[in-house]
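To keep things clear, I will list the structure first and then write my remarks on it.
The values are calculated or read from the model by the stated rules, or taken from the named source; none is laboratory data. Owing to the predicted nature of the structure, the values given are computational and were not obtained by experimental measurement. Methodologically, a virtual Cβ is constructed for each residue, glycine included, from the backbone with ideal geometry; neighbour enumeration extends over all protein chains shown. Just the protein is used for accessible areas: all its heavy atoms, side chains included, with ligands, DNA and RNA removed. Shrake-Rupley method; radii C 1.70, N 1.55, O 1.52, S 1.80 Å.
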Amino acid sequence: MSELRYLETLHPSWGQSFVMDEVLFESKTEHQHLVIFRNAQWGTVMALDGVIQTTERDEFIYHEMLTHVPLFSHPEPKSVLIIGGGDGGILREVLKHRSVTHVTMVEIDAQVVEMCKTYLPHHSQGAFEDPRLNLVIADGVEFVNQTDVRFDVVISDSTDPVGPGEVLFTSRFYQGIAQCINPGGVFVAQNGVSFLQRDEVKNTAQRLAPLFKQRGFYTAAVPTYVGGIMTFAWASQNDTLSESELGKLTQRFNEAKLSTRYYTPKLHQACFALPGYLDKLID
Ligand code: SAM
C-alpha cells in the first residue's frame, strides 16, 4: 500500500514531504486548513494551509530563540504580548521567566489552540492553565490597534504572510505594535527563511524603519523550516535588544535558572551576526 505523504506547498516549485504514519486531526477551521499527524522522524507535526508550523522534535529551537532573545535583552520583562502562537510553545517558554506577571495571547483560531492542547501537549505543558495568561481569540492586527494595555515584550509568532497571517506583516500591524509597547520594550517576529523569502525581510525592514529607532534581524537554524536559516525581526525604541554584552546576558540567564536546549547567552550574542546577502538585503 503506498504511503500517505504531506506535501508542503509554501514554495510553488519545491518543497519537503512527510510520511503521515497516522493522521490525528484534519479539518477546515473557521480560518485555516489544519492538519496534525505523526511522522517517524519528527514526532507529531502540525501544518496550516499547506505550511509546516511546528514539530515535536525541533520546536524547542524556534520557541527558545523567539522568546529568550527578547526577554533576556530586557532588564525586567513583566508584561508580554504574544500574537498567534496557537500551539503554546512560545507561551510555555515565556512563562518560564519569573519576572513575567502577565501574558496576553491573541490567537485568531480557537481550534488550533484546542487541537494543539489535545495532540501536541508537550508544546504547552499546561501553560494554557497558568493564571498569568489572558487568552484572547481575535485578529492580532485589530488587537494591537485597539488595546490600551502596554507591554514590555511583544512576540509575533504568526503563520507566513498568506491567509490570516498576511496582516501581521503590514505597516498597520507594526503601527499598532509601536503604540502598545512600553518605552524600552522590544518587539520580535518570525520573518521566514530569508534565503527563500527575501521580500518578507526587505518589506519588514522598510516597514519598521519609520516606526522604531532600533531594528534589525537575528537568525537560528530550524530544521523543518527548510531552505536555510530562519530569520527573526526585532525592533525597539532604544538599543536594549542590541544589549548583547555577554556578561549581562550570562548573569540574567543564570539568575533566571531556566533550562534551555538551544538558547545560550553566547548564541544570543552571535545570532545577530548576519550573512552578507542578508545585510545587503536589509540595507
Ligand atoms: N512557528 C510557526 C511559524 O514560524 O510559521 C508559527 C506557529 S503558530 C501555529 C502560528 C499561529 O498564528 C497560528 O496558530 C495561527 O492561527 C495564528 N495566526 C495567523 N494569523 C493570525 C492573526 N491575524 N491574528 C492572530 N493569530 C494569527
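Provide a single number: the residues in region 32-49 that are open to solvent by less than 60 Å² (accessible area, probe 1.4 Å) and either near the ligand (Cβ under 9 Å from one of its atoms) or under 18 Å from the mean Cα position of the chain (by Cα) (or both).
Just the residues of region 32-49 that are open to solvent by less than 60 Å² (accessible area, probe 1.4 Å), to begin with: 32-37, 39, 42-48.
If we keep only those that are either near the ligand (Cβ under 9 Å from one of its atoms) or under 18 Å from the mean Cα position of the chain (by Cα) (or both) too, we end up with 32, 34, 45-48.
Number of matching residues: 6.
Residue check, LEU71 against (1) more than 30 Å from THR264 (Cα to Cα); (2) at pLDDT 95 or above, all met but one. Which one?
(1)
Among the residues in region 91-107, are any within 15 Å of the ligand (Cβ to nearest atom), open to solvent by 10 Å² or more (accessible area, probe 1.4 Å) and either touching a residue at least 40 places away in the same chain (Cβ under 8 Å) or more than 19 Å from TYR262 (Cα to Cα) (or both)?
Taking every residue of region 91-107 in turn, at least one turns out to be within 15 Å of the ligand (Cβ to nearest atom), open to solvent by 10 Å² or more (accessible area, probe 1.4 Å) and either touching a residue at least 40 places away in the same chain (Cβ under 8 Å) or more than 19 Å from TYR262 (Cα to Cα) (or both).
Please name all residue pairs, on different chains or six or more residues apart, with Cβ atoms under 8 Å, provided the first residue is in region 258-279 and is at pLDDT 95 or above and the second residue is of a type in the set (Asp, Glu).
THR260/GLU64; ARG261/GLU64; TYR262/GLU64; TYR263/GLU64
Which residue is nearest to the ligand (Cβ to nearest atom), if the candidates are limited to region 72-83 and must be in a strand (DSSP E or B) and open to solvent by less than 10 Å² (accessible area, probe 1.4 Å)?
My answer is ILE83.
How many residues are of a type in the set (Phe, Trp, Tyr) and open to solvent by less than 10 Å² (accessible area, probe 1.4 Å) when one looks only at region 156-214?
At the first step, the residues of region 156-214 found to be of a type in the set (Phe, Trp, Tyr) are 169, 173-174, 187, 195, 212.
Narrowing the set further to residues that are open to solvent by less than 10 Å² (accessible area, probe 1.4 Å) leaves 173-174, 187, 212.
Qualifying residue count, region 156-214: 4.
Check GLY86 against each of (1) assigned to a helix (DSSP H, G or I); (2) open to solvent by less than 10 Å² (accessible area, probe 1.4 Å); (3) closer than 22 Å to ASN39 by Cα; (4) touching a helix residue (DSSP H, G or I) at 6+ places or on another chain (Cβ under 8 Å) and name the one condition it does not meet.
(1)
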